Amino acid sequence: MRLFFAAFPDGETRRLIASTAAALELGDGARRVPCENYHLTLAFVGEVTNAQAASLRTIGPARVPAFTVRFDTCEHWPRSEVIVIAANECPPALLDLQCTLRAALARQDIALDPRPFRPHVTIARKVVQAPVQQAMSEFLWQVTAFQLVRSARSDAGSVYTVLERWSLLDKPVNGE
């Protein structure tokens, strides 16, 4: 099975992401990501065995406080042929969570993409040419939990199933 760790938006944040996505004029062949699939990937694990999946369910909870991400740019990533909403700055607590997950996965001999982490939400795929777009209205996303998610492919696209959910702390841990 194919797994990843992610945060999913609340209803209002999902609406703001959808509004930005709807404003894009996409070319032929491009497809919008369904609203229910919007997420912030924290760590993409990839294909794992059932035993590995069971072990991954024990990784959370992380002792990291909830955090707010400011999404302030919309970008075309030509190599991946995607349009993303991205954050130019990564809040320290988000980086802490991402590093905690990476370290836990490394202890389980799961190799991750070595590229630097950049907070983003994919809103369109198979985009060969960047669309002409208006300036994006920035928005804040309060992240209070993260999930272990299974990704399965269907004729309609990706189907995500949350396997585990962990809440983040209400406030920073003393001394951190």
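Figures for the structure shown
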{"read-out": "Between segment 19-81 and segment 139-156, the Cα center-to-center distance that results, in Å", "value": "6"}
{"read-out": "Separation in nanometres of the label points that stand 7 Å from Cα toward Cβ, at GLU36 and ALA22", "value": "1.9"}
{"read-out": "Exposed-loop-free span, longest in the chain, where trypsin sites (Lys or Arg not before Pro) count as exposed if DSSP calls them loop and at most 15 other C-beta atoms lie within 10 Å", "value": "1-56"}
{"read-out": "Heavy atoms of ILE83: accessible area, 1.4 Å probe, square angstrom to 10", "value": "0"}
{"read-out": "Overall form of segment 68-119 per C-alpha gyration tensor (a/c, 1.5; a/b vs b/c)", "value": "oblate"}
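The values are calculated or read from the model by the stated rules, or taken from the named source; none is laboratory data. These numbers come from a predicted model, not from an experiment. Counting neighbours? That spans all protein chains shown, and the Cβs are built from the backbone with ideal geometry, glycine included. Side chains included, ligands, DNA and RNA excluded: accessible areas come from the protein's heavy atoms. Shrake-Rupley method; radii C 1.70, N 1.55, O 1.52, S 1.80 Å.
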